[in-house]
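Okay, so here's the structure we're looking at.
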Amino acid sequence: MAYDIGPRIGIEGEAEFRKQIQSITTTQKTLATEMQDVTSAFDKNDQSQENLTAQNKVLTKQIDAQKQKLDLLRDGLAAAAEKYGENDKVTQGWQQAVNKATADLNKMERQLQGNNDVLSKVDDATDDASDGIDDFKKSVIDASDESLKFSDVLKANLLSQVII
């Protein structure tokens, strides 16, 4: 015969909070494996546009899921604080979960920003290279025009010498 000797106290809707959080956590685990798949397809230090763009797609999904989780955790924290008070063990557990989720979100956002910074530098370098190629083409055309003018002068001098 089983005895239930402990009180069962819970926040109203806490089970629903936990169910939603577990669902988001499962989604995050799936996205983490997706990120592993993306990063394993490239060299460890690969900073190519293709790699960073693929990472950004997954990071954006991870950030969205993390924001949803953080919102739920904040709701749970507010409900626990209201029911048990700020210094209760249950409330402190919710606060710790909010703090950890916030730190994880900040880390993901920094990684996304870092990727975007590298992509921006790559775009700038590509634009600079394109401008350099255009400048080179223009200088070749200008040099070609100048060489034609010089050859025309030489021909005219040679022809005038022949005439004389």
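Would you call residue 52 touching a residue at least 60 places away in the same chain (Cβ under 8 Å), crowded, with 16+ Cβ neighbours inside 10 Å and closer than 19 Å to residue 117 by Cβ? Give the steps one after another, and end with the answer.
Numbers: touching a residue at least 60 places away in the same chain (Cβ under 8 Å): yes; crowded, with 16+ Cβ neighbours inside 10 Å: yes; closer than 19 Å to residue 117 by Cβ: yes.
Considered against the rule, which asks whether it is touching a residue at least 60 places away in the same chain (Cβ under 8 Å), crowded, with 16+ Cβ neighbours inside 10 Å and closer than 19 Å to residue 117 by Cβ, residue 52 comes out as yes.
In the stretch 100-119, the residues that are in contact (Cβ under 8 Å) with a residue 40 or more places away in the chain and more than 18 Å from residue 39 (Cβ to Cβ) reach residues that are in a helix (DSSP H, G or I) and not β-branched (Val, Ile, Thr) with C-beta atoms within less than 8 angstrom, at least six apart or across chains, in these pairs: 105/66; 105/67; 105/70. Summed over the stretch 103-117, residues that are open to solvent by 40 Å² or more (accessible area, probe 1.4 Å) and either of a type in the set (A, V, I, L, M, F, W, C) or under 15 Å from residue 73 (Cβ atoms) (or both) total 3.
None of 51, 99 is modelled with pLDDT under 90 and either assigned to a helix (DSSP H, G or I) or touching a Phe, Trp or Tyr at 6+ places or on another chain (Cβ under 9 Å) (or both) except 51.
The values are calculated or read from the model by the stated rules, or taken from the named source; none is laboratory data. Predicted model, so just to flag it, every value in this text is computed and none were measured. As a convention, Cβ positions derive from the backbone with ideal geometry for all residues, glycine included, and neighbour counts pool all protein chains shown. To get the accessible areas, we keep the full protein, side chains included, count just its heavy atoms, and leave off ligands, DNA and RNA. Shrake-Rupley method; radii C 1.70, N 1.55, O 1.52, S 1.80 Å.
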